[in-house]
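A short write-up of the structure that comes next.
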Amino acid sequence: MYLLIVVLPLVGTLATGLGGRWLGRKGANVFSTVCVFMCLFFSLIAFFEVGLCGVPCYMSVGTWISSGALKISWGFLFDSLTTTMLVVITSISSLVHLYSIQYMEYDPHCPRFMSFLEIFTFFMIVLVTADNFVQMFLGWEGVGLASYLLINFWYTRLCANQAAIKALVVNRVGDLGLSLGIFSIFYLFGSVDYELVFSLASLYKDYNVHFLGFSINFLTLIGFFLLIGAVGKSAQLGLHTWLPDAMEGPTPVSALIHAATMVTAGVFLIVRCSPIIDLSSNILFLITIIGSSTAFFASIVGVFQNDIKRVIAYSTCSQLGYMVFACGLSYYNISMFHLVNHAFFKALLFLSAGSVIHALSNEQDMRRMGSLATNLPITYSAMLIGSLSLAGFPFLTGFYSKDLIIEITQISYYSNLQINFGVFACWLANISVFFTSFYTFRLLFLTFIKNSNNYRKHMDNVHESSLLILLPLILLGIASIFVGFFTKDLFVGIGTPFWKNAINILPSSCSLLEVEFMSHLIKWLPFILSVFGAIFAYTINVGWLKNNIKFAYMYMFRKLAFLLSKKIYWDKLYNSIIVSSLMNFGYTISFKNIDRGFIELLGPYGISRIIKNWSMKIIRIQTGQVTHYTFFVVFGLCLLLLLIPVWSFLEFFLDIRLFTFCFLALFVA
């Protein structure tokens with residue numbers, strides 16, 4: 001059964017991708033959807049056996065790599081962390097497949113699309129079920145490849161090509177960091193298996209390496225490399241630029257990437273490697289700073305976005321910041337709790353946005369929408385539930401995890417350093433709550449409440465989508481209401497044994513029991529900020545300030561709004577400082593001076609031409625007479641005997657074999 005969870009998506013993608021011409025659109029849709037729903041069924045059984053009954057499963061299928069000390073097997077680890085991720089991945093993927101049947105109904109390449117969705121699910125399952133770092137890296141790279149294929153699905157669009165290449169290149173930076181981390185782990189532990197590495201990690205807590213006169217803690221170095229990988233995949237500040245542009249793919253792709261698969265891989269990596277990361281206070285501090293800064297930055301930038309999918313994308317970036325800085329405070333269980341909750345209401349928001357775009361003939365600008373609440377009542381209800389859950393409205397799914405993260409920042413501190421960096425994260429998180437509520441309700445008001453600003457011919461044709469689109473919205477709406485309530489005690493309840501040894505939490509971290517005795521003002525602060533954000537959004541977009549926006553013409557406000565609408569020029573800075581410099585270096589140095597200069601002088605326009613001219617002269621001595629050939633053979637043998645003393649003399653100064661190899665390589669190349 002456990003192997004079927006991994007194999008079924010692979011079977012689905014191979015059959016749909018290679019046999020799509022014979023299966024047809026309907027056959028490909030049905031086959032791929034059935035495969036992923038069966039995978040969901042088996043994942044729920046695995047969650048019951050492993051998570052609820054406490055019976056983890058370790059499987060070793062066979063040897064993959066065996067070279068000296070490096071021995072890697074095809075192995076699968078099913079513990080409480082893995083099964084939780086499996087339920088999230090397969091449930092969201094199943095609903096996205098069902099949704100895509102109707103959403104991509106008129107696309108001529110529907111079988112290819114379903115195959116790409118299925119392979120995305122397969123690689124994510126490989127990532128979370130791996131029992132060693134190399135197999136996990138295989139799934140990690142596969143997820144990046146699948147995201148490129150899906151973002152670039154409409155390959156005739158230039159913006160889709162650029163967004164896919166950007167996502168792939170930016171993630172290369174994170175992948176380089178993760179690969180260096182894996183190399184460092186193998187160097188230190190002599191193995192890449194989770195079980196061996198995590199059990200021995202505490203023994204190397206004081207192991208240092210010396211580099212350029214500096215003494216560096218090796219576990220800190222490993223944690224830094226792993227953090228780079230997580231920052232790239234989970235779109236944290238610095239490597240976040242690919243995430244908003246990933247909206248160029250179809251809406252189901254956005255829902256799958258942002259809710260359950262690619263962006264959650266970075267958080268999963270941090271949680272999985274918690275036994276290593278917890279041993280370095282500097283890495284915990286860095287994770288907290290990066291996560292809280294990302295949550296704040298994405299929330300303020302999302303306020304000034306007008307594309308409905310881009311607003312939700314920045315909210316994803318902000319919520320990922322919450323998960324990351326919760327890990328930095330060593331509350332990996334709360335981070336996973338928020339990851340599960342976020343997956344459901346974020347998928348609901350994206351699929352609801354897709355329903356709106358589908359009804360308005362692919363219109364995505366919120367300023368050209370409005371008055372859709374009466375025409376799209378079910379979509380409006382689903383979007384309202386997802387928005388309230390995102391804003392942390394009490395007793396919805398997002399409230400239970402988001403508010404808990406903000407509360408633990410108030411009382412968190414790291415006992416060794418005595419630095420209360422939880423306060424820094426707390427203030428940024430609370431400010432982010434206000435802006436998150438503002439842009440969430442702004443999206444609702446502009447899309448569904450405010451007077452329509454679209455063409456009449458488009459508004460006359462607006463109608464609710466079919467059942468295949470509405471059914472996933474209804475199911476995700478129910479999950480966005482009840483999942484947080486029913487799983488709170490299981491995931492983060494006091495004394496819960498659910499996670500067991502799957503994650504590691506610092507003993508110095510405060511008990512969740514302390515949260516219950518906090519000041520009521522602190523506990524109500526996120527809700528108060530959310531209410532103020534909603535009121536402010538209503539006042540500006542629907543209320544009395546909608547026709548009285550003199551403050552918008554203030555010089556400082558216009559400059560600030562323009563700066564934030566341009567994402568604080570992150571892309572411009574990268575292009576000017578890094579990309580342009582590398583392009584200039586590649587053209588002037590690598591291309592003109594090396595390729596077209598040095599190599600060509602040594603190659604086709606230099607030594608090769610000289611040898612060619614010599615060979616033309618040598619051809620003239622090919623007389624066909626045996627006596628002439630005998631003379632040249634004897635002459636060459638005598639010349640070789642005369643050079644033997646010189647050869648012996650050179651052996652003292654250089655390796656003749658290396659010199660000969662390099663000399664021959666010039667001509668072979």
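Any read-out appearing in this document is the output of simple, stated calculations on the displayed coordinates, not a laboratory observation. Please read all numbers here as calculations on a predicted model, not as lab measurements. We place every Cβ from the backbone using ideal geometry, glycine too, and count neighbours over all the protein chains shown.
A few remarks follow.
- Backbone amide hydrogens, once placed in the peptide plane, bring ASN208 within less than 5 Å of PHE218, excluding anything fewer than 5 places away on its chain.
- Correct option for semi-axes √(5λ) of the Cα gyration tensor in Å [calculated from the coordinates] among (i) 61, 29, 24; (ii) 56, 38, 19; (iii) 52, 32, 27: (iii)
- Each peptide among 257-269, 427-439 gets the average number of other Cβ atoms lying within 10 Å of its residues, and from highest to lowest they stand as 257-269, 427-439.
- Acute angle (nearest 10 degrees) that the helix 656-668 long axis makes with the longest principal axis of the chain, alpha-carbon atoms: 70 degrees
- Per principal axis, descending, Cα span of region 421-469 in whole Å: 54, 28, 12
- 28 Å Cα-Cα threshold exceeded, pairs from LYS205/LYS500; LYS346/LYS566; LYS450/LYS523: LYS450/LYS523
- Protection proxy ranking of 270-283, 574-587, 444-457 - average other beta-carbon atoms within 10 Å, highest first: 270-283, 444-457, 574-587
- With the cut-off at under 15 Å, measuring from each backbone N in region 177-214 to a point 7 Å along the Cα-to-Cβ line of LYS71 picks out 190-197.
- Distant-in-sequence amide H partners of TRP74 (H built 1.01 Å from N, under 5 Å): VAL61, GLY62, THR63, TRP64
- Scanning residues 5 or more positions from PHE304 or on other chains, none has an amide H under 5 Å from its amide H, with H placed 1.01 Å from N in the peptide plane.
- Full extension of the chain between PHE557 and MET583 gives 5.8 nm of extra length, using 0.36 nm per residue less the Cα-Cα distance.
- The angle between the Cα long axis of helix 218-233 and the main principal axis of the chain comes to about 70°, on a 0 to 90 degree scale.
- Nearest-20 debye value, the chain charge dipole, Cβ charges on Lys, Arg, Asp, Glu: 2100 debye
- Each residue of region 350-357 was assigned a 3J(HN,Hα) from its phi angle through the Karplus curve 6.51 cos²θ - 1.76 cosθ + 1.60 (θ = phi - 60°); the sequence is 5, 5, 5, 4, x, 5, 5, 4 Hz, with glycine and proline shown as x.
- Across region 126-131, coupling constants 3J(HN,Hα) worked out from phi with the 6.51/-1.76/1.60 Karplus curve, θ = phi - 60°, read 4, 4, 7, 9, 5, 10 Hz, and Gly and Pro carry x.
- Helix 262-272 vs. the chain, principal-axis angle (Cα, 0 to 90°, nearest 10): 80 degrees
- Dipole of the chain [Lys/Arg +1, Asp/Glu -1 at C-beta], most positive-end residue of VAL433, VAL633, MET124: VAL633
- Backbone HN-Hα couplings from phi across region 151-157 [Karplus 6.51/-1.76/1.60, Hz, Gly and Pro as x]: 5, 9, 4, 7, 6, 7, 8
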